[in-house]
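Since the structure comes first, as structure tokens, the remarks are kept for the end.
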Amino acid sequence: MSPTSPKKRPYGLWPSPITPETLASALKLDELAFNRGGSTLVWLEKRGGKGVLASWSPGERCPRDLTESHDVAARVGYGGGAFCLGHNDAFYIEREEGRIYRQPFSGGGSLLADAGSAPGPRAHARLWLRGLPCPLT
């Protein structure tokens with residue numbers, strides 16, 4: 001065999017430039033959704049273990065971060081995601097304290113519920129009554 005000939009090896013035992021460390025540190029996309037009007041695409045990126053909501057709308061050159069200062073993630077996994085979308089807003093769970101936030105696509109933001117009321121049924125009911133057809137946790 002010449003030095004450039006491929007060698008047979010068992011599956012998973014060939015040399016690769018992709019290491020477990022590379023995979024663990026890479027950007028990961030978790031959830032993807034359009035807002036209720038279908039004009040803004042929002043997704044959850046995992047960057048080095050931190051969850052960041054990013055968005056893009058037609059006419060924008062590049063995607064932009066919606067949640068730079070918060071770590072977006074639902075800690076209780078019983079059926080929903082870490083965020084849901086209205087017409088002009090994203091509603092998301094902040095990982096450490098479990099608070100629910102409202103983030104308008106245009107900027108700004110506000111706290112909807114603190115850890116005392118989220119992610120309990122009353123928080124879900126309040127959000128459902130606001131016209132958001134998805135659980136947040």
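If Leu29 satisfies all but one of (1) within 10 Å of the chain's Cα centre (by Cα); (2) closer than 22 Å to Leu112 by Cα, what's the number of the condition it fails?
The single condition Leu29 does not satisfy is (2).
Scan region 78-97 and tell me whether some residue there is among the small types (Gly, Ala, Ser), in a loop (DSSP other than H, G, I, E, B) and under 20 Å from Leu27 (Cβ atoms).
Yes, because at least one residue in region 78-97 is among the small types (Gly, Ala, Ser), in a loop (DSSP other than H, G, I, E, B) and under 20 Å from Leu27 (Cβ atoms).
Taking the stated definitions as given, is Ala74 in contact with a Lys or Arg (Cβ under 9 Å, 6 or more places away or on another chain), touching a residue at least 24 places away in the same chain (Cβ under 8 Å), closer than 24 Å to Arg95 by Cα and surrounded by 10 or more Cβ atoms within 10 Å (Cβ to Cβ)?
Here the answer is yes, as Ala74 does meet what is asked.
Just to check your reading of the model, which residue among Glu21, Glu31 is acidic (Asp, Glu) and free of Cβ contacts under 8 Å to residues at least 40 places away in the same chain?
Within the list Glu21, Glu31, the selection yields Glu21.
I'd like the residue in region 81-105 that is among the aliphatic types (A, V, I, L, M) and modelled with pLDDT under 90 and, out of all such residues, is nearest to Lys46 (Cα to Cα).
Across region 81-105, the extreme among qualifying residues is Ala82.
Quick check on my filter: what residues within region 53-72 are part of a loop (DSSP other than H, G, I, E, B) and at negative phi?
Ser57, Pro58, Glu60, Arg61, Cys62, Pro63, Leu66, Thr67, Glu68, Ser69, His70, Asp71, listed by residue number.
When you scan region 60-80, do you find a residue that is small (Gly, Ala, Ser) and modelled with pLDDT of 80 or more, even just one?
Yes - at least one qualifying residue is present in region 60-80.
Filtering region 1-45 down to residues that are in a strand (DSSP E or B) and modelled with pLDDT under 85, which residue is surrounded by the fewest Cβ atoms within 10 Å (Cβ to Cβ)?
Leu29
The values are calculated or read from the model by the stated rules, or taken from the named source; none is laboratory data. All figures in this text were calculated on a predicted structure; none of them were measured in a lab. Don't worry about glycine lacking a Cβ; one is built from the backbone with ideal geometry, like all the others, and counts go over all protein chains shown.
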